[in-house]
Each structure stands twice: as structure tokens, then as C-alpha cells.
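The values are calculated or read from the model by the stated rules, or taken from the named source; none is laboratory data. Predicted, not measured: the structure shown is a model, and the values here were computed from it. Note that we place each Cβ from the backbone using ideal geometry, even for glycine, and neighbour counts take in every protein chain shown. Just so you know, the surface numbers come from the protein's heavy atoms only, side chains and all, with ligands and any DNA or RNA stripped out. Shrake-Rupley method; radii C 1.70, N 1.55, O 1.52, S 1.80 Å.
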Amino acid sequence: MSTPAPKLTVATAWLDGCSGCHMSFLDLDERLMTLVEQVEIVYSPLVDAKTLPAQVDVGILEGSISSEDDLEKARLFRERCAVLISLGDCAVTGNVPAMRNHFKLSEVLDRAYRENVTLQPQIPTRAVPALLTPVKPVHGVVAVDVFIPGCPPSAETIWSILSDVIAGRVPDVSAVTRFGA
Amino acid sequence: MPRPTPQSTVRVVTLRIDDRDLSAREDETLIEVCREHQIPIPSLCQLDGLSVWGGCRLCMVEIAGQGRLVAACSTRVAEGMVVQTDTERLRHYRRTIVELLFAERNHVCAVCVSNGHCELQTLAQRCGVDHVRLPYRQVPYPVDSSHEMFRLDHNRCILCTRCVRVCDEIEGAHTWDIMGRGSDCRVITDLARPWGESDTCTRCGKCVQVCPTGALVKQGTSAGEMVKDQHFLPILARRRQAR
Ligand code: SF4
Ligand code: SF4
Ligand code: SF4
Ligand code: FES
């Protein structure tokens, strides 16, 4: 029996985004079966693994850099992933999460945790990562190799670009997606 | 530059654009000749029917024997001219210009009223801008919602002056002007008073229709709903000229 070719390893993480990009990834539907024949998802909100392996072939980040935890994850992904992909407008431009950059952080927290709350208004401090200002796109803190704009990028877009990356081709991103797509 | 007026004795010149031999009337600009021959040139401030502004610099082309780039919308054809419209150098500059526009003010396409119908957004895609390499400035600009029919969002304005020109040259109201320099530069109505208080605005909506971005929109539109219609412009411009 011949041993199958080793699969590419893929890791994904969800930073400051709405998870829409991961949902769009799931919209690959039956193509997910084709995908798992070629790649192994070693770390992701979609699988059980709790730690990022020391070496990963392809890393995919959804969401912007808005907290210390986002920053730490982005740095770890950069360190351990051969190819790093920014998935979705939040990762690529800062998008909606970055709209808070026009306000003082204290005003934003007040708005979310005091003004609109009737029961025990309080600003959480324990067990949550501190927020950063300003919110930045992923490539504002680490080098990124492939950008997939879109809010969220469609399953077709993700499929087409991921297929290119897996095959070692340079994807023509603007042929399939744009900001706000 | 004044709009070329049709003459009966215009001469024809021959020139080369992207290795194609073409002929053109001597009073035509490079961008007009390129459009006639389906040679794509990116542009933002240029609009058929309005005077030439030459401000956005997206239409830059290379002319053999000239070190500096020229704007195709404000350069007349000449006999024997050899023009390149799509070189590596031009693509690099165009991409950078588009990135600067995105970095300067605040564009959040996903929630913008013009999402999917925006010339800046389309141009970014055409120029291969899949991310902005420069840091975003992150400076908020005001929104003027005082007009009962229209809204002005300076965060999306690229200062192309199409609104200024259409209001002055076609509608004849001259409500718009430009005020300030550098990052303070912005379009104003009347003497920088709220648009809703303007004595000159006729509410024709022409500025809204020609604005290439989500800076000028109809009141009551939400994300992706603002679709613009510019068909009126060449027709009105021709009628104005005929007078
Ligand atoms: S790009 Fe859109 S869908 Fe994806 S995380 Fe951001 S807001 Fe959500
Ligand atoms: S004006 Fe155009 S580029 Fe700017 S946010 Fe709106 S859709 Fe995007
Ligand atoms: S408001 Fe629109 S038309 Fe007027 S200068 Fe700004 S982008 Fe151009
Ligand atoms: S289109 Fe020529 S400078 Fe703007």
C-alpha cells in the first residue's frame, strides 16, 4: 500500500470580526470534503485542537487587531505559518471594528457597558484582554502574504484563492473580490 | 483648459497608442481617443460633459521622449506622438494613488451607501488594490445632513470637484466650492454654510448623480442602496454648447 502524500496543514483564527468569514468558509459545503483530502485543519474555531502547532503551512486570520489577545495571536501565526492570509475586510482594512478609532476608548466602553445597560452596568476587566487603540488591519502589525477582501468574501472567492495557494500559485485576488464584496 | 469646440476645418493627426497606429482630430485629448478605441484608462475627476480638471492623476500615461508623465484627460494629441497607457511604472503609480485615497479619509465599503456602485471601489479592484499598504490616517470628517433631500459625507469625498463643475457649468447654480488646503481641503456649499440653508441650491440632484463615491447621496439610503445615473450629463452638455 502506497503512503499518501503528506497533507498541507492549515490553521485559522478569529480575531475582531463577526465570524462571518468563518461561516462563509463553511459555505464551501461539499467542497469541504475535497478540501480535507488535500489539507488538514490543525487549529481553528471549527476543530477541537487547543494549541497552534509549531509549524503550519497556511494560516488564515479573520478580523482586525483590536485587543492584546488579537495582537498575540497574529504574532504567533506569523511566527509559525509559512503563508499568512488575511481573510475578510476586518482583517484586510480594519472595516467595522476600526470605526471605533474615531472615539475615545473610554467613550466606546461607556456606550457598550453603561449607557445601554440597565442591570449592573460595569466595564469588564477580569479575564478579558485589554483593548488596543487604534484598531489596525492584520498587516498593520505583522507581514501578510495574501489578502482576501470582502464582507464576507463569498465561498466561491475563498475556494478559488485557497485552491491557488494550495497549488502554490499566486492568486489574482482582484479578479474575484474587492473591498465590501 | 476650455472644452474643445467643434470646427469645420479640424485637421487629423496620426499617433501610436500601445503599439496601435491611430488617427484622431487634432482638437481631441488623449483620453478621448483612448475611449473611442476601447483602450481603458482609469480616471476619477474626468467626466464627459464637464470641463477638464486634471486633479486625480489616475489617467497618467507615458509619452516617448518625455521623462515626465502626462494626464491623458488634459493632454491634446499631436502628430507622431507615441503613447504607452499600461506600463509597470504607471500601474505602480495608479495603485499608489488609489491607496492614498483610501488611507486619507474613511472608507468602510461594507456599510457604505454606495457599496457595489462606487467608482473608487471599482477602480481599486481594477488597479489590483487588495489592501492598503499605508497606515490609515483615522481622522474623522463631518457629515452634513441638513439638506432635506441629499447628504454630504466628507469621509468619502475624494475632492474630484465633479460636484463643483456640474453645479456651475450645467445647472448654473454654483453652490459648490473648494475650501482649505492639504488634509483640511473640503467641498463647501455657499460660503461654507450648511447645505440645507443654501440660497443657491436648486435641489436638482446633479451633483449627487455625478459624485463618483458615497460622498454625495440621497437622504434615506442605506448600505449599498445608492445607485447613480449620469446619463443626463452628455445630453445636457451638448445642449448647453449648442446655444
Ligand atoms: S469581514 Fe465582514 S463578515 Fe468578516 S468578520 Fe468582518 S464584518 Fe464580519
Ligand atoms: S465611497 Fe466607495 S470606496 Fe468609499 S466606502 Fe463607499 S463604496 Fe467604499
Ligand atoms: S463630493 Fe463627490 S463629486 Fe464632490 S468632490 Fe467629493 S467626491 Fe467629488
Ligand atoms: S482623470 Fe485625468 S487627472 Fe483625473
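Summary of computed values
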{"quantity": "Unmet requirement for A:Gly17, which otherwise passes all of (1) in contact (Cβ under 8 Å) with a residue 12 or more places away in the chain; (2) over 23 Å from A:Val135 (Cβ atoms)", "calculated": "(2)"}
{"quantity": "Lone unmet requirement of (1) of a type in the set (Gly, Ala, Ser); (2) under 22 Å from B:Gln121 (Cβ atoms); (3) in contact with a helix residue (DSSP H, G or I) (Cβ under 9 Å, 6 or more places away or on another chain) for B:Gly220", "calculated": "(3)"}
{"quantity": "Within the range B:81-95, considering residues that are among the polar types (S, T, N, Q) and surrounded by 14 or more Cβ atoms within 10 Å (Cβ to Cβ), the one nearest to the other protein chains (Cβ to nearest Cβ)", "calculated": "B:Thr85"}
{"quantity": "Residue among A:Gly150, A:Gly168, A:Gly140, A:Gly180 that alone is more than 16 Å from ligand 4 (Cβ to nearest atom), touching a strand residue (DSSP E or B) at 6+ places or on another chain (Cβ under 7 Å) and either within 14 Å of chain B (Cβ to nearest Cβ) or open to solvent by 20 Å² or more (accessible area, probe 1.4 Å) (or both)", "calculated": "A:Gly140"}
{"quantity": "Per-region count, the range B:24-53, residues modelled with pLDDT under 95, open to solvent by 30 Å² or more (accessible area, probe 1.4 Å) and at positive phi", "calculated": "0"}
{"quantity": "Evaluation of B:Gln209 against (1) open to solvent by 20 Å² or more (accessible area, probe 1.4 Å); (2) within 16 Å of ligand 2 (Cβ to nearest atom); (3) in a loop (DSSP other than H, G, I, E, B) (one fails), failing number", "calculated": "(3)"}
{"quantity": "Selection within the range B:54-67 - open to solvent by 20 Å² or more (accessible area, probe 1.4 Å) and either more than 15 Å from the chain's Cα centre (by Cα) or farther than 20 Å from B:Thr96 by Cβ (or both)", "calculated": "B:Glu62, B:Ala64, B:Gly65, B:Gln66, B:Gly67"}
{"quantity": "Breaking point among (1) part of a loop (DSSP other than H, G, I, E, B); (2) open to solvent by less than 40 Å² (accessible area, probe 1.4 Å); (3) not assigned by TED's automatic domain parsing to the domain that holds B:Gln138, for B:Leu233", "calculated": "(1)"}
{"quantity": "Segments classed as strands (runs of 3 or more DSSP E), wholly inside the range A:13-120, with at least 2 members that are away from chain B (no Cβ under 14 Å) and more than 16 Å from ligand 3 (Cβ to nearest atom)", "calculated": "A:39-43, A:56-62, A:81-87"}
{"quantity": "Residue match in the range A:102-110 (condition: open to solvent by 60 Å² or more (accessible area, probe 1.4 Å), modelled with pLDDT of 95 or more and either in contact with a helix residue (DSSP H, G or I) (Cβ under 8 Å, 6 or more places away or on another chain) or of a type in the set (Phe, Trp, Tyr) (or both))", "calculated": "yes"}
{"quantity": "Test: residue in the range A:156-168 that is in a loop (DSSP other than H, G, I, E, B) and not hydroxyl-bearing (Ser, Thr, Tyr)", "calculated": "yes"}
